[in-house]
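Chemist: Dropping the structure in here first, questions after.
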Amino acid sequence: MYRVETRGHTVRIYMGDRLVVHHSPDTPFVEAGKGRWEALGNVVRDARDGLIGLTHSQYEQGRSLLRLFGGDYSITFHITEHNGLLRLSPQRASTGLNRLRLRFPATAGTAVYGGGAQTGETNLRGKRLQLWVGERGVYQTHAPAPAVRMKGTNPILPACPLPVFITGDSIGYIFESYGRAAFDFTSARAHYVSLWELPSAVLVGAAASPLDLMNALTKTTGRQPVPPQWFMEGSVIEARGGSYVAAELLEKALTSGASISCIYIPDWTGGFDTPAGRRPFFDWVWNQETYPKLDSLIRELSSRNIRTMAYLNPHLSIEGRLYAEASAAGYLLKKPQGGAYISDMGGFMAGHLDLTNPAACSWFKDIVKSHVLGLGFCGYFADRGDYLPQDAIFHTGESAVRLHNRWPVMWAALNREIIREAGRTADSVFFSRYGWIGTGNQSMMATTGMHHTSWHKKQGLPSALNAALSLSCSGIGLNITECGGTVSYVFKRTPELFMRWMEYTAFSPCFLLLNGDAKGAYIDHDEKMLAFFARMSRVHAALGAYIRSCARDNANDGASIMRPLFMNYPAEPRFRSVNNAYMLGGELLVFPVLKKGAKTLNVLLPDGNWHHLWSAKAHSGGEHAIEVPLGKPAVFYKPDGKHAALFEELPMKAK
């Protein structure tokens, strides 16, 4: 329950005994102003007036209305409780008011987490973040950020930023807004949140523990459903290049003893070469020249209990059949001067489905139901929900700036509807890379984004783990890594990097291997790599019952499958900034190898009894040096846990 205390123009709002909102004339809760976006071609510029502190307040207790005003500006919030959270909903505001800077009280040194798929550090204390759907420096010309950038922030934008954060003392914040946002955690005494539009609501929660807090927050942000069993137990491997190449790779993997549940075929529509690599042809119908008898192949694999997945996005190559059909029907985004909007998508031209047009969405649903699910695919990678031309004209008349962050959520919602309407929720799945607030409600699962095939802290393997933990602190408790990295602009994927990434992926919700544009090692690099892949796939399969149990906990209670150590051990300050380890559920503690050439890891175990997974050797809490030969990352389990017997048997099952 919340309570509001007022004295003069000072307002304090508490959740239980925790002060969560503080306003006074000297430290106003809200600074406000007016601004406008200017689209210059496909670049956006922010033009705004200065912010004015709303120093004065009036609280109407009977109607739970808090009015803040100063200068010529005012805003009134309706204060309620929703799902156990304090909810501040703007009811009235000065005409044109659309820029806010909110100040929340903080305790010096308190850790901060969340913000979506952040890649640098798990603890964001001392950091500034700008939140705008992008892609970490990859394809930046396709997802332009506003030209103005908050001082001190990283220009590389995450694929799935989320306007959500939590603190080490179990206070959480949700900002229901699709506008650009920024977090500033550099002050010792306050958290600052900038919003480039009036939010529909600001929600604040306080709980006794981080897991209790995530339970409360995800009731609002949404929880992902438990995926089909096949998607979580075996490996999902990418194969491209035609029916013969795909079948040959699959047989090699199966002969090696790998546990494979699905083969992912991104170029089922055909493909063509671009300066950045070979791309699928953006025409979502079966290409029978590249994949003759694909329907027979899908049926044959299904009889062997192996599923198939496709690739899909909301863009249409101009040479394709579907582009001509969609353009003629008016289903594509329009240019300001009229006609379908055409963009260079990295070496080829494509139009863009208008997701604000109900008729266009209905048409696209029928295409996917018939040509994708109807062909026998059990799901697909719903990609490229990030790209939106900034000067495009939409069916609803809205601006691209207002829709930019909302676009990936609309794309995920469309695909969720397709799976549901096709009656395939029990056996089919889609996953996506891009997101915003609402992704938890709409996407079946999210990847941590595109990562480079390197050991680089902010772009390579370590960044994948950090993004996973940051997503879990933002309410996306079911997230998966694109194993091995998919971007090789600078570095080729080495065998050692790929093996260590597979170790990490084996102890995650899904063993998903995407090759993308990567150069270098893949599972068929040599016999040694095939054998290694087979073993790690069996490790993941042996964890199947445990991972499904964790997925049910996430769906029921918001307890993320992969989580930072502080979530399970909040009373131990030494775990507040750990981003080289994670809990997989509540019983497995994983220290992946994140550095090239590592032979041993110095690990810090929580108090209690822990058994080393590979040797069954008992360890107490504290620091230990653990040998980490290839194929045996530092993993520990609780000997008195519910699934201890499964973990004890795992090394034998993985041989």
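Chemist: Per DSSP helix of 4 or more residues, -39500 (n - 2.57); summed, then divided by the residues of the chain. What does that give at 222 nm, rounded to the nearest 500?
Modeler: Values: 15 runs with 152 residues, N = 655.
Mean residue ellipticity, 222 nm, calculated: -7000 deg cm²/dmol.
Chemist: For q = 0.23 Å⁻¹, what log10 I(q)/I(0) does the stretch 280-371 give under the Debye formula with an equal point scatterer on each alpha carbon and no solvent?
Modeler: These q points yield log10 I(q)/I(0) values of -1.16.
Chemist: I would also like to ask the following. Starting from the Cα coordinates of the stretch 233-444, work out the convex hull volume and express it per residue in Å³.
Modeler: Cα-based convex hull of the stretch 233-444, divided per residue, equals 124 Å³.
Chemist: For K596, give me every one of the aspartates and glutamates with a C-alpha distance below 14 angstrom, ignoring sequence neighbours fewer than eight places off in its own chain.
Modeler: E496, E503
Chemist: Then there is this: Between A422 and K335, with labels modelled 7 Å along Cα→Cβ, what's the label distance in nm to one decimal, could you check?
Modeler: Here the answer is 3.4 nm between the modelled labels.
Chemist: With θ set to phi - 60°, apply the Karplus curve 6.51 cos²θ - 1.76 cosθ + 1.60 along the stretch 55-64 and write out the HN-Hα couplings as whole Hz, x wherever there is a Gly or Pro.
Modeler: 7, 9, 9, 9, 10, 9, 4, x, 10, 6
Chemist: Show me the GluC sites (Glu not before Pro) within the stretch 277-322 that DSSP assigns to loop and that have at most 16 other Cβ atoms within 10 Å of their Cβ.
Modeler: Answer by residue number: E289, E319.
Chemist: DSSP loop (so not H, G, I, E, B), at most 16 other Cβ within 10 Å: list which chymotrypsin sites (Phe, Trp or Tyr not before Pro) in the stretch 192-247 pass both filters. The partial results should precede the final answer.
Modeler: Numbers: sites: Y192, W196, W230, F231, Y244; in loops: W196.
Taking the stretch 192-247 and a limit of 16 other Cβ atoms within 10 Å, no loop chymotrypsin sites (Phe, Trp or Tyr not before Pro) are found.
Chemist: In angstroms, what radius of gyration and Dmax does the stretch 570-621 have, counting Cα atoms only?
Modeler: Values for the stretch 570-621 (Cα only, Rg and Dmax): 11.8, 34 Å.
Chemist: Sequence gap at least 6, Cα distance under 8 Å: using those rules, report the relative contact order of the chain to the nearest whole percent.
Modeler: In percent, rounded to a whole number, it is 13.
Chemist: Can I ask one more? Could you list, bin by bin from short to long, the percent of Cα-Cα pairs of the stretch 562-654 in 10 Å steps?
Modeler: Taking every Cα pair in the stretch 562-654, the percentages come to 16, 52, 29, 2.
Chemist: Of K252/K492; K492/K655; K334/K369; K458/K617; K335/K365, which sit over 31 Å apart, Cα to Cα? Walk me through the intermediate numbers first.
Modeler: Numbers: K252/K492 23 Å; K492/K655 29 Å; K334/K369 26 Å; K458/K617 34 Å; K335/K365 24 Å.
Those over the limit are K458/K617.
Chemist: Taking θ as phi - 60°, what are the ³J(HN,Hα) couplings along the stretch 442-452 by the Karplus curve (6.51, -1.76, 1.60), each to the nearest whole Hz, with x for Gly and Pro?
Modeler: So the Karplus estimates, Gly and Pro as x, are 10, 7, 6, 6, 10, 8, 7, x, 7, 10, 7 Hz.
Chemist: Now for a different question. Of the beta bridges DSSP finds with both residues in the stretch 236-345, what % are antiparallel, to the nearest 5?
Modeler: 40 percent
Chemist: Roughly how far apart, in whole Å, are the Cα centres of the stretch 578-655 and the stretch 76-132?
Modeler: Here the two parts' Cα centres lie 36 Å apart.
Chemist: Where Rh is the Kirkwood radius over the Cα pairs of the stretch 445-598, the temperature 25 °C and the viscosity 0.890 mPa s, what D in µm²/s does Stokes-Einstein return?
Modeler: Rounded to a whole number, D works out at 157 µm²/s.
Chemist: Using the Kirkwood radius over C-alpha pairs as Rh, can you work out the diffusion coefficient of the chain via Stokes-Einstein at 10 °C, viscosity 1.306 mPa s, in µm² per second?
Modeler: 62 µm²/s
FYI, it's all coordinate maths here, none of it is from the lab. Just so you know, these numbers come straight off a predicted model, no measurement behind them. Cβ coordinates were reconstructed from backbone atoms using ideal geometry, including for glycine residues, and neighbour counts include every protein chain displayed.
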